[in-house]
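Where a number appears in this text, it was derived from the coordinates with a stated rule and is not lab data. Because the structure is predicted, anything quoted here is derived from the model rather than measured. Here the Cβ is made from the backbone with ideal geometry for all residues, glycine too, and neighbour counts use every protein chain on show.
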Amino acid sequence: MGVAVSAGSETNSIFRNDGGIDRTLIQQHFSQLTAGNIMKMSYLHPSENTYTFEHADQLVNFALENNISIHGHTLIWHSDYQIPTWMKNYTGDYATLLQEHVQNITSYYAGRVVSWDVVNEAFADDGDSNAINGYRNSLWYQKLGPGYIEQAFIAADAADPVADLYYNDYNLEGGQQKFDYVLAMVDDFKARDIPIDGVGFQMHINIEWPSESQIKNAFQQVVNRGLKVKITELDIPVNTYANPDKYQTFTAEAAERQKDKYREVVAAYLDVVPPELRGGITVWGLYDSDSWLIDLHGRPDWPLLFNDLRQAKPAFDGFVEGLSD
Ligand code: 9MR
């Protein structure tokens, strides 16, 4: 049971003066933390010869003092805003850059971080006209070709052979072709002994999509390959792309539908994924207004387990029912 948190000097940091209520909530309900932002590339490695671990260390120390594990997010990502400027402008050897970046961070946290999203979002969305053989046309792809993904896994494994290494992405669970490309990569990695332990399903879904059978089928594909399944970024908004303005307030009906979907996801996970392949379930934020979705669409939503008063919502009860189903 994990949750993504704001930390360091972020607005909603759990370490701000009145963050005690959030830290208590975390201690009560969660056994793993992911940094929502502060362990991304630009935060940990802002210039070529500078690594800034201070804020991440504060989070890692808080977790370990409370018997909470840390899932590292994320070593290599395409996101323009999260690639430090020096990396974009680099004129040296990108293979060395990538290897050193991954190895330095992974070895620094070896023994303190139990698992990593080694590469995040390397595959393109269905219909992306810039895609190349299914790959996202990212800086990494442009500099190194598809081989950058395995290079990152090899470097992470060399620096920390114990941590679980995940490939992490969104829109894998709704029947998209993107998932086929991910599975082909997994099969190729396994055939060539490239070290990978699991697939992270971000699961930024909503109350209407995907269906239970789509979710189960996607998990099953990874289980069939003997890899771990981790739900890494779960949130379930009630307003959807198809119905963007349906709920202007969080009605009792919306809360019940959301509760049902949380229960469905958790129950599907436990049903399909055997204990030894469970990487766990992480929700992407602690309380509703902490969610990235609020800023994204500029429309109201309530996607998480706790409301802004830090009270458990029906969604929380749905999650618990899913665990006991
Ligand atoms: O929730 C994160 C938000 O606060 C950041 O502004 C954004 C860009 O760094 O990243 C969000 O988290 C993303 C995660 O790192 C990767 N999967 C998608 C998440 C939501 O955009």
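Stokes-Einstein diffusion of segment 1-60 at 37 °C, 0.692 mPa s viscosity, Kirkwood radius from Cα pairs, rounded to a whole number: 271 µm²/s.
Beta-bridge orientation, the chain: approximately 15 percent antiparallel, per DSSP, counting only bridges with both partners inside.
Overall form of segment 47-124: prolate. Here a/c, set by the Cα gyration tensor axes a ≥ b ≥ c, is 1.5 or more, and a/b is the larger of a/b and b/c.
Evaluating kT/(6 pi eta Rh) at 37 °C and 0.692 mPa s, with the Kirkwood radius of segment 116-193 over Cα pairs in the Stokes-Einstein relation, gives 250 µm² s⁻¹. The alpha carbon centroids of segment 132-193 and segment 75-126 are separated by 12 Å. Take every Cα pair under 8 Å whose residues are at least 6 apart in sequence, average their separation, divide by the length of segment 180-316, and the relative contact order is 26 percent.
When you restrict to C-alpha pairs under 8 Å that are six or more residues apart and normalise by the size of segment 256-309, the relative contact order lands at 29 percent. Exposure proxy shown here: for Ser13, Ser324, Ser115, the number of other Cβ atoms within 10 Å sets the order, fewest to most, as Ser324, Ser13, Ser115.
Across the chain, the relative contact order, built from alpha-carbon pairs under 8 Å that are at least six residues apart, equals 15 percent.
On the principal axes of its alpha carbon atoms, the chain extends 57, 44, 38 Å, with the longest extent given first. Setting aside same-chain residues fewer than 8 positions from Lys40, which lysines have a Cα under 17 Å from its Cα? Reachable lysines: Lys88.
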